[in-house]
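The values are calculated or read from the model by the stated rules, or taken from the named source; none is laboratory data. All values reported here derive from a predicted model rather than from experimental measurement. Cβ atoms come from the backbone with ideal geometry, glycine included; neighbour counts cover every protein chain shown. Please note that ligands, DNA and RNA were not included when accessible areas were found on the heavy atoms of the full protein model with its side chains. Shrake-Rupley method; radii C 1.70, N 1.55, O 1.52, S 1.80 Å.
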Amino acid sequence: MTDSLNIQIEGMSCASCVTRVEKALKKVPGVAEATVNLATEEARVVVDPAQANAQTLVDAVKAAGYDAEIGQTSLEIEGMSCASCVARVEKSLRKLPGVVEASVNLATEKASVTYVPKMLTPAQLAAAVTAAGYDARPVEEASSKAEDRKPDEIAALRRNLIFAAGFTVPLFIVSMGKMIPGLGDTMFAVLPERAWMWIEFVLATPVLFYAGWRFFRTGWAELRHLSPGMNSLVMLGSSAAYFYSLLALLVPQIFPAGTATTYFEAAGVIVTLILLGRYLEAIAKGRTSQAIKRLMQLRVKTARVLRDGTEMEIAIEEVVAGDIVSVRPGERVPVDGVVTKGQSFVDESMLTGEPVPVEKKPESEVVGATINKTGAFSFRATRVGADTVLSQIIRLIEEAQTSKPPIQQIADKVAAVFVPAVISVALVTFVIWLIFGPSPALSFAFVTAVSVLLIACPCAMGLATPTAIMVGTGKGAEMGVLFRKGTALEALGKVDTVVLDKTGTLTKGQPELTDLQLADTSLTEAEALRLIAAVEAKSEHPVGEAIVRAARANGDASLPDAVEFAAEPGYGVHANVEGHLVQVGADRYMQKLGIDLASVTSAAEVFARDGKTPLYAAIDGKLTAALSVSDPIKDGSIEAIAALHTLGLKAAMVTGDNRVTAEAIAAKVGIDEVLAEVLPDQKAAEVKRLQAEGRRVGFVGDGINDAPALAQADVGLAIGTGTDIAIEAGDVILMSGDLRGIVNAVMLSRRTMKTIVGNFVWAYAYNIALIPVAAGVLYPFFGTLLNPMLAAGAMSISSLFVLTNSLRLRGFRPQLSETAQTPNTTTSAASGLHAPAE
C-alpha cells in the first residue's frame, strides 16, 4: 500500500537542483518514486506510509539544501477530557499523509498542526479529528466563537449537572433509605421492594442518557477506534452498574442467589459526581488562561486619526500604517508608532512589568495598549493589527502554551497505554473475585471491577503539565518575561551557567569616550580626535558613536568626509580622511598592522585596570593616540549576578575586550568567569566549549548580533527593547532589558517545574495507590471495599487537586523588582575627555 504525496519546494533554480532533490528523496527508505517539476516547484513522491511520512520527506529536502513549504494551523477541539483523548487526537492527525507534526494541549483545548499545504487543508485536519469522535474547527473559523465557547461550555455543564442532581438526590435517598432500620420498613409498607427498584430505574435513566450522554457519545467513539480514554471508563463503569441493575430488575432468576441486587444509585451518582468534577475543571481551566484574556481586554476598539485634515474616530481595524493618531491623557495608545508631536509620560507596565511611567517625546516609540498618563500627543502609526507588540506577545504566549516540554511527552506515552491497562486490570479483578471471592462472588466481582474503572481515569495526568505551563507563561508575561516555547520553561530551571554578553547586556550599551593620550605630538588632541571621529562616523558600533559624540561636543559639528571605509569585525576600522589613512581599533588590530604600541602601553594598562576599554589610532601607518571608552554598568546588573549566585548558578561574561579590562569589569559586577578577547563569530563556539564540559548554559544577549550563541545555548535569553520582541533566536525574551528579569525567569521556571512534578506525583501516585484499593486488596484485612460512587468522587478530586495546584502559580511573586528605565538623555562631553566615566 502506497501514498502519493505532493510537496512544494522553494529554492530550486535549474535542472541540477531538480536532480539533487529527486536524489535526496529517493534515498529515503520507503520512497518508491520521486518526480520533481522545476516549473511548478513541486515534488510528487510515492511512498510506503509504514516506512516514510511527510516529516522524513521534508527533512530530506532540507538536508539537500532547499526549503519545503510548511504550513501551520491551530484547531479548536471540544470533547477532550483526559490524556488518552490527547493521545488519540494526535494519533488521528499524525496518520494523515502530509502531517509533519501534531501537538494537542488539553488545557487550552487546541491542536497545533504542522503540515504540507499541497496535501492537506485545515478543514481536512478538522475532519480527521471529528471522525475520531471530537468536535473540531480551524482556529480561523472558530476565532469569532472562541471567547463565547468557554462560557457556553460551562453553562451546558451547569445545566446538565443541575438536571442530574435533581434526579440523583431522590435516587440516592430512595436507595439508601431502604437500608436504614425503621425507614426501610416504612418505605416497604408504602410500596413493595420491587416498586422502589422501578422508581430507581426511572430516576437513573435520564441521568445517564440525557445529562451523561456526552460520556456515552465520546466513549463509544473511543472504543470504536480502539483508543479508550476517560470517557470510555466512565461509560463502562456507569453502564455496567445500570444494565446489571436493569437485568436484576427484569430477569432476577438468571443471577446466582443473593446477587440480583440493583446499583442504579451508583450509576446515577457516578455520572453526577463526574459532571460536577468536569464543571469545576472547566471553571478552573478558564482561570489558567486569564493572562491571555487580560491581554486581549487591553486592545483598544477605536482610534482618533487625522484624515484629510480632519480628526475622526474610526474602528481600530481601519487604522493603517502611516496614519497620524492622537492620544489624550488617561487613554490607551491604540497601536504602535513613533511620537510626532507633544510630550507625556506613558505607563508601560503591561509591557515590561515596570511600574514607573516612561517619558515620551518626538521620535520616541509608543506601544499599543499602554496608558497615556499626563500630556496629549500625536504619533505616526508604524505597526497595526497582527503586527503590534501586543499581538506578538499574545501569539508568543499561545505558542508557548501549545508546545510540549519533554516531561509532557513522556507523560503522553504513559497515558497512551494507561487506559487499556486499566481495563485489563478491571477484567482481571472481576475474574479473580468471581473465582475466589466470598458469596455472593458476582456482586463482589462487579463492585470491584467498576471501582477500578472509575478510580483510574487519567484526567489528572493530562492536565498536570499544560495547566502549569499556561499559568507559568502567563505569569511570566505579567513580569515582562516571554517564554517563546514551553520547552524553554523547563530547560531554564536546569541551567547551571549563565553567560552574559557585555555590551548592551551587562552594560548600558552607551559608551563614553573618557581618555585620549597622544603618541604623536605633531597633532593636537582636537585634530587627532577630528580625524578619528570622521572614520568612526561611518561605523555603527556603539564605541564609534561615543567617539563621534565626544568630537562634536568639543566643537567639531561637521566632520570631514571619510572615503574607502572598511571594517574588520572584532578588530577595527579604517578609511581615508583628507588624504590620510586613518586606522582605529583594538590592540590586536594594531599588532596585525605591525604598529608598535610600546609608547602608550603603560597608559593603556591604567585604562584597563579602571575597567575602561583601550583603543588605538594610527594615521598613515604611525601610532597617533591611545583612547579609552567606558560603558557604564546597567542598573541592577550587580544585584542580578548576586541573586544568580544565591540560586547556585555561575555567571560568565563574554566580550571582545582585552583580558585586563574584562576582568576589571567582571570584578565590579561579581562575574565568576571571564571569556575575553572573543570575536563576535566565536561566541557560539565558547558556549559550545562550556557545554562540552558538561554544563547547561543559558546565554543572554541582544538577540541580533548574538543570534548564533543564543541558538547554541541550552536556553537563549534575548534582551528585548520593549518594542521589538520578534527575536527568533531567543527562547526567552526579557522585555525590559533589566538583568533582574533573568533571576525572576529562573525562579519562575523552577517553581513551574516543581508544580508539574508535584502534579505528576499526585496523579500517578494516586492511581497506583488506589487501583489496588479499588480492586479490593484491603478486603481480606479490613473487610471493606471501595464503593463505585466514592471511586467516581475520588477521581474528580484528583483532577481538581492538579488544577488548583497549578493555579497556585498565579501567586508567584518575583524576588527582584526591576527599576524603570529612565528616559534617554544626551550626555555632554563638555567637561573634558580626561574626566572619568560616571
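Tabulated values for the structure
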quantity	calculated
Residue in the range 161-177 that is modelled with the lowest pLDDT, counting only those that are within 14 Å of Ile270 (Cβ to Cβ) and of a type in the set (A, V, I, L, M, F, W, C)	Phe172
Unique match (being under 30 Å from Gln392 (Cβ atoms), at pLDDT 75 or above and either of a type outside the set (D, E, K, R) or in contact with a strand residue (DSSP E or B) (Cβ under 7 Å, 6 or more places away or on another chain) (or both)) among Gln297, Gln253, Gln290	Gln297
Given (1) under 18 Å from Glu512 (Cβ atoms); (2) touching a strand residue (DSSP E or B) at 6+ places or on another chain (Cβ under 9 Å), number of the condition Ala664 does not satisfy	(2)
The range 506-539, residues that are open to solvent by less than 80 Å² (accessible area, probe 1.4 Å) and within 30 Å of Val743 (Cα to Cα)	Leu506, Thr507, Gly509, Pro511, Glu512
Inter-residue pairs, beta-carbon under 7 Å, first in contact (Cβ under 8 Å) with a residue 24 or more places away in the chain and more than 25 Å from Ala386 (Cβ to Cβ) and in the range 357-370, second basic (Lys, Arg) and surrounded by fewer than 19 Cβ atoms within 10 Å (Cβ to Cβ), 6+ apart	Pro357/Lys373
Criterion (touching a strand residue (DSSP E or B) at 6+ places or on another chain (Cβ under 8 Å) and touching a residue at least 12 places away in the same chain (Cβ under 8 Å)) met by exactly one of Leu647, Leu675	Leu675
Selection count where residues are open to solvent by 20 Å² or more (accessible area, probe 1.4 Å), over 13 Å from Gly71 (Cα atoms) and under 22 Å from the mean Cα position of the chain (by Cα), scope the range 104-125	2
Criterion: open to solvent by less than 50 Å² (accessible area, probe 1.4 Å), assigned to a loop (DSSP other than H, G, I, E, B) and either touching an Asp or Glu at 6+ places or on another chain (Cβ under 6 Å) or over 23 Å from Phe483 (Cα atoms) (or both) - qualifying residue of Gly330, Gly322	Gly322
Positions within the range 655-710 being closer than 22 Å to Gly730 by Cβ, in a loop (DSSP other than H, G, I, E, B) and open to solvent by 80 Å² or more (accessible area, probe 1.4 Å), in sequence order	Arg696, Ile704, Asn705
Check on Arg609, charged (D, E, K, R), closer than 20 Å to Leu513 by Cα and over 42 Å from the mean Cα position of the chain (by Cα)	yes
Exclusive hit being over 23 Å from the mean Cα position of the chain (by Cα) and either assigned to a loop (DSSP other than H, G, I, E, B) or more than 16 Å from Val305 (Cα to Cα) (or both), set Gly368, Gly375	Gly375
Residue satisfying all of: in the range 137-160; modelled with pLDDT of 80 or more and aliphatic (A, V, I, L, M); least open to solvent (accessible area, probe 1.4 Å) among these	Leu157
Top-ranked residue in the range 802-838 [being at pLDDT 75 or above and either surrounded by fewer than 17 Cβ atoms within 10 Å (Cβ to Cβ) or of a type in the set (Gly, Ala, Ser) (or both); ranked as nearest to Thr262 (Cα to Cα)]	Thr804
Test: residue in the range 473-489 that is modelled with pLDDT under 85 and either touching a Cys at 6+ places or on another chain (Cβ under 7 Å) or acidic (Asp, Glu) (or both)	yes
Residues of the range 540-590 satisfying the condition of being more than 14 Å from Leu615 (Cα to Cα), open to solvent by 10 Å² or more (accessible area, probe 1.4 Å) and touching a residue at least 40 places away in the same chain (Cβ under 8 Å)	Arg549, Ala553, Asn554, Pro569, Glu578, His580, Leu581
Failed criterion for Ser522 (all others in (1) free of Cβ contacts under 8 Å to residues at least 24 places away in the same chain; (2) in a helix (DSSP H, G or I); (3) of a type in the set (Ser, Thr, Tyr) hold)	(2)
Some residue of the range 239-249 being modelled with pLDDT under 75, out of contact with any strand residue (DSSP E or B) (no Cβ under 8 Å at 6 or more places or on another chain) and among the small types (Gly, Ala, Ser)	no
Among residues of the range 333-343, those that are under 32 Å from the mean Cα position of the chain (by Cα) and in a loop (DSSP other than H, G, I, E, B), counted	3
Scope the range 81-98; condition open to solvent by less than 10 Å² (accessible area, probe 1.4 Å) and free of Cβ contacts under 8 Å to residues at least 60 places away in the same chain; matching residues	Val89, Leu93
Single residue of the range 715-747 satisfying the filter (open to solvent by 10 Å² or more (accessible area, probe 1.4 Å) and in a helix (DSSP H, G or I)) that is modelled with the highest pLDDT	Met747
Members of the range 212-231 that are modelled with pLDDT under 75 and not in a helix (DSSP H, G or I)	His225, Leu226, Ser227, Pro228, Gly229
Sole exception among (1) over 29 Å from Glu525 (Cα atoms); (2) touching a residue at least 12 places away in the same chain (Cβ under 8 Å) for Ala626, by number	(1)
Some residue of the range 395-416 being at pLDDT 90 or above, within 30 Å of Gly737 (Cα to Cα), among the basic types (Lys, Arg) and surrounded by 17 or more Cβ atoms within 10 Å (Cβ to Cβ)	no
Residue match in the range 427-436 (condition: part of a helix (DSSP H, G or I), modelled with pLDDT of 75 or more and open to solvent by less than 60 Å² (accessible area, probe 1.4 Å))	yes
The range 184-213, residues that are of a type in the set (Phe, Trp, Tyr) and either open to solvent by less than 30 Å² (accessible area, probe 1.4 Å) or free of Cβ contacts under 8 Å to residues at least 40 places away in the same chain (or both)	Phe188, Trp196, Phe209, Trp213
